[in-house]
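Working notes for the structure below.
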Amino acid sequence: MTLKNSILYSSLFVGLFVGLFVGGITMHAASLTVQTDQPGAKLNPAMWGIFFEDINFGADGGLYAELVKNRAFEFPDALMGWSKLSPSKSLGSLAIRDENPFNAKNPHYLRIESQGKDVFGVANEGFRGIGVKKDEAYNFSAQLRNVSGNARLRVALYGGDGAVLDSVMLKDFSGDWKKITAVLHPKDTDAKAKLYVLLEGKGAVDLDMVSLFPEHTWKNRPGGLRADMVQALADLHPGFMRFPGGCIVEGIYLTNRYQWKKTIGPVAERELMLNRWNVEFLHRPAPDYFQSFGLGFYEYFQLCEDIGAQPLPILSCGLACQFNSGEACAMSDLGTYIQDALDLIEFANGATNTIWGAQRAAMGHPEPFNLKMMGVGNENWDAPYLERCTKFHAVLKAQHPEIQLVSSAGPSPDDAHFKYAWPKLRELHADIVDEHCYAKPDWFFNSTHRYDNYDRNGPKVFFGEYAAQSDYIVSVKNRNTLECAIAEAACMTGLERNGDVVRMASYAPLFANSEAWQWTPDLIWVNSLGVYRTPNYYVQQMFSLNHGDVVLPMKLEAADDAKLFASATRDNASGEIILKVVNGDNAPVAVQLNLAGLGKISSAAKTIVLAGEPRGENSFAAPQKISPKETALNISSPEFQHEFPANSFTIIRLK
Ligand code: AHR
């Protein structure tokens, strides 16, 4: 310790926990000692992951880049999303029919018949507007069948103000169903465009699977995912991706539970289903929310592979959502559900000469997807769950001991369901227990020691859904504030320090369409044209990009009421020490850092800081308002003082 540092150190300890008065604001003082030469638990390199659920128009109207809503006319109100285009002179009719359909699984189609007095047809509004960008290409396709006459068919994009953005005449359709394609190049960017399908001349035409995709999708896959949304996920470098939810797994009733087998194979044959969030909240109705399953299990696995995330599918355990019907399958029927799990393992990992492995190969992926874990039920609880979960375990562990099973501890981190579940899951020797928590920021600030005393020999923990709520759970007033993000970061330091027990964690929900959401807060907000990342996103990203390989023991000393939290890890490859410090107070804090056990230290260090007003938020207009800032840090000794700003999350990387 240098003389200067030693004097500073002593004076800090004299005044420690008292508070310094610097430049008119009270600066609290504290110390953090990290034992750099005594590495503790090995962290799971895939610890920080993501949780995807088709909520808030996360899939249809979100990640799945299809721009046409109700493209196959299968919504119960078959013309929902479509409107009749009938200028004053035109005469014509629209009819939903199902005889001789293009596809028996989604049998409805639209017949447009025109008297030929003027153009006549339909317009699709997209998912709260079709977002198109100037100079980009949009691929139109539809199944068409000429019924009578020789009308011509025009497709066009119109802007929200009614101006034509581009228009193309379709050719070559006949008396049989045939896929017709065209490419549109809008001359302007428009967030609220509409797709018009117009008959010119006298005749009748049948129309189905009307589709419009941006040519530029993620990896430019035709019919693929929105590139900007996937990029936001890729930039998180998630260790795993949990999918497809969430309560959507369970269904309101068992009939509308998520069934992965219905989501693979040709897209047109994937049967449309109600999205449970359509009717979940009376205060946020979403009557046009359905699942086309264009983003199905094959695409989920492919997405995981693309972004380097281990797949974590969650399957129904034969219990519908216990917040809704709680319908439970008869125990004698549980075999069907367990078989779905076994078949999924084969679909993901099986050889191409197995039934399900062959299906994967037929879809374009002969190599296995390398599935290593699977969730049994989502947020299920009590005896009906434990009974079913136990059966799943018996069969899956016997046939696939290589697959780690994730079991549910219910919806809360400490209610009666939680207390019931844990001892039973311990008895069952469950691999990983999924804990959920949506609570006020204080819960997160106060729970940083939650895992310090967890049994090191029991099941591991997946902190599988969490988010600080600025108002209260399911309140529409919840905001993605910096205060919430900082509270989550504080809690995450506790998860990291206990990385031997807490093996995985993911914020929830992931996406929200700003015009069609049911649940807030959410990690990433999108509209028809773009994406913005919240302060909470940046916290997740900072942890994920700076996870380290081993936990380093540390001692943090601060005033009892200080909102100061920390964790320390080491990156083995680079030899860097990674300190994470959260200051949740409204004043900066000076911390005396002591990297004990270090011979020497490189002067070139860096800090990455997320800071601002506690109520600060990002938006489409100011997406970077609260975002991490990286600065070089010059240090000369393993003992140094550093000031952490008010309301901040800081990472210091040193060699
Ligand atoms: O993340 C939103 C919902 O919260 C999930 O669907 C459910 O698991 C939890 O109750």
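The values are calculated or read from the model by the stated rules, or taken from the named source; none is laboratory data. Since we're looking at a predicted model, the values are computed, not measured. As a convention, Cβ positions derive from the backbone with ideal geometry for all residues, glycine included, and neighbour counts pool all protein chains shown. These accessible areas exclude ligands, DNA and RNA; they are computed on the full protein's heavy atoms, side chains included. Shrake-Rupley method; radii C 1.70, N 1.55, O 1.52, S 1.80 Å.
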Residue hits (the range 350-360; open to solvent by less than 50 Å² (accessible area, probe 1.4 Å) and either of a type in the set (Ser, Thr, Tyr) or within 15 Å of Tyr300 (Cα to Cα) (or both)) are Thr354, Arg360
Determine if the range 566-576 includes at least one residue that is aliphatic (A, V, I, L, M), open to solvent by 10 Å² or more (accessible area, probe 1.4 Å), assigned by TED's automatic domain parsing to the domain that holds Ser648 and not in a loop (DSSP other than H, G, I, E, B).
no
Which condition number does Glu113 fail, the rest of (1) open to solvent by less than 60 Å² (accessible area, probe 1.4 Å); (2) touching a Gly at 6+ places or on another chain (Cβ under 7 Å); (3) assigned to a strand (DSSP E or B) being met?
(1)
Within the range 188-203, is even one residue open to solvent by 20 Å² or more (accessible area, probe 1.4 Å) and in contact with a Phe, Trp or Tyr (Cβ under 7 Å, 6 or more places away or on another chain)?
yes
On the basis of being under 19 Å from Glu200 (Cβ atoms), open to solvent by less than 40 Å² (accessible area, probe 1.4 Å) and either in contact (Cβ under 8 Å) with a residue 60 or more places away in the chain or among the hydroxyl-bearing types (Ser, Thr, Tyr) (or both), does Phe140 make the cut?
yes
Exception for Asn103 within (1) open to solvent by less than 30 Å² (accessible area, probe 1.4 Å); (2) closer than 30 Å to Phe240 by Cα falls at (2)
Residue among Ser636, Ser619, Ser544 that is not in a loop (DSSP other than H, G, I, E, B) and not assigned by TED's automatic domain parsing to the domain that holds Arg479
Ser544
Run Leu371 past the list (1) away from the ligand (no atom under 16 Å from the Cβ); (2) touching a residue at least 60 places away in the same chain (Cβ under 8 Å); (3) not in a loop (DSSP other than H, G, I, E, B) and report the number of the one that doesn't hold.
(3)
Residue count, the range 249-295 (criterion: charged (D, E, K, R), within 12 Å of Cys321 (Cβ to Cβ) and part of a loop (DSSP other than H, G, I, E, B)):
3
Listing of strands (runs of 3 or more DSSP E) fully contained in the range 142-204 that carry 1 or more residues being more than 41 Å from the chain's Cα centre (by Cα):
152-158, 190-200
Here are some residues: Asp434, Asp471. Which one is open to solvent by less than 30 Å² (accessible area, probe 1.4 Å), on the phi < 0 side of the Ramachandran plot, within 22 Å of the chain's Cα centre (by Cα) and within 16 Å of the ligand (Cβ to nearest atom)?
Asp434
Selection from the range 497-513 of residues that are outside any strand (DSSP E or B) and either within 16 Å of the ligand (Cβ to nearest atom) or out of contact with any Lys or Arg (no Cβ under 7 Å at 6 or more places or on another chain) (or both)
Arg497, Asn498, Gly499, Ala508, Pro509, Leu510
Can we say Asn106 is over 30 Å from Leu233 (Cα atoms) and of a type in the set (S, T, N, Q)?
yes
Out of all the residues in the range 325-337, is one or more closer than 27 Å to Gly239 by Cα and away from the ligand (no atom under 16 Å from the Cβ)?
no
Listed residues Ala512, Ala508; which is at pLDDT 95 or above, surrounded by fewer than 24 Cβ atoms within 10 Å (Cβ to Cβ) and under 30 Å from Ala65 (Cα atoms)?
Ala508
Is there a residue being in contact with a helix residue (DSSP H, G or I) (Cβ under 8 Å, 6 or more places away or on another chain), farther than 22 Å from Thr181 by Cβ and assigned to a loop (DSSP other than H, G, I, E, B) anywhere in the range 63-73?
yes
Going by the structure shown, is Tyr451 away from the ligand (no atom under 16 Å from the Cβ), more than 18 Å from the chain's Cα centre (by Cα) and not in a strand (DSSP E or B)?
yes
Go through the range 337-361 and give me each residue that's without any contact (Cβ under 8 Å) to a residue 40 or more places away in the chain and either within 13 Å of Glu402 (Cβ to Cβ) or not polar (S, T, N, Q) (or both).
Glu346, Asn349, Gly350, Ala351, Ile355, Trp356, Gly357, Ala358, Ala361
Out of all the residues in the range 308-336, which are in contact (Cβ under 8 Å) with a residue 40 or more places away in the chain, of a type in the set (Gly, Ala, Ser) and out of contact with any Pro (no Cβ under 8 Å at 6 or more places or on another chain)?
Ser316, Gly318, Ala320, Ser325
Boolean, Ala490 is more than 14 Å from the ligand (Cβ to nearest atom), in a helix (DSSP H, G or I), among the small types (Gly, Ala, Ser) and surrounded by 23 or more Cβ atoms within 10 Å (Cβ to Cβ)
yes
All conditions in (1) at negative phi; (2) surrounded by fewer than 24 Cβ atoms within 10 Å (Cβ to Cβ) are true of Thr534 except (2)
Contacts under 6 angstrom Cβ, first residue in the range 178-205 being under 26 Å from Leu529 (Cα atoms) and assigned by TED's automatic domain parsing to the domain that holds Asn150, partner at pLDDT 95 or above and among the basic types (Lys, Arg), 6 or more apart
Asp188/Lys134; Thr189/Lys133; Thr189/Lys134; Leu198/Arg154
Output the qualifying pairs, or none if there are none: Cβ atoms under 9 angstrom, residues six or more apart or on different chains, first residue in the range 159-172 and aliphatic (A, V, I, L, M), second residue open to solvent by 40 Å² or more (accessible area, probe 1.4 Å) and not in a strand (DSSP E or B).
Ala163/Lys187; Ala163/Asp188; Val164/Lys187; Leu165/Lys134; Leu165/His185; Leu165/Lys187; Leu165/Asp188
Return yes or no: is Leu315 open to solvent by 10 Å² or more (accessible area, probe 1.4 Å), touching a Gly at 6+ places or on another chain (Cβ under 7 Å) and not charged (D, E, K, R)?
yes
Counted residues in the range 596-647 being closer than 18 Å to Glu483 by Cβ, in contact with a helix residue (DSSP H, G or I) (Cβ under 7 Å, 6 or more places away or on another chain) and among the small types (Gly, Ala, Ser) come to 3
Looking only at the range 382-427, filter to residues that are closer than 18 Å to Gly458 by Cα and either β-branched (Val, Ile, Thr) or at pLDDT below 95 (or both); which one of those is nearest to the ligand (Cβ to nearest atom)?
Val406
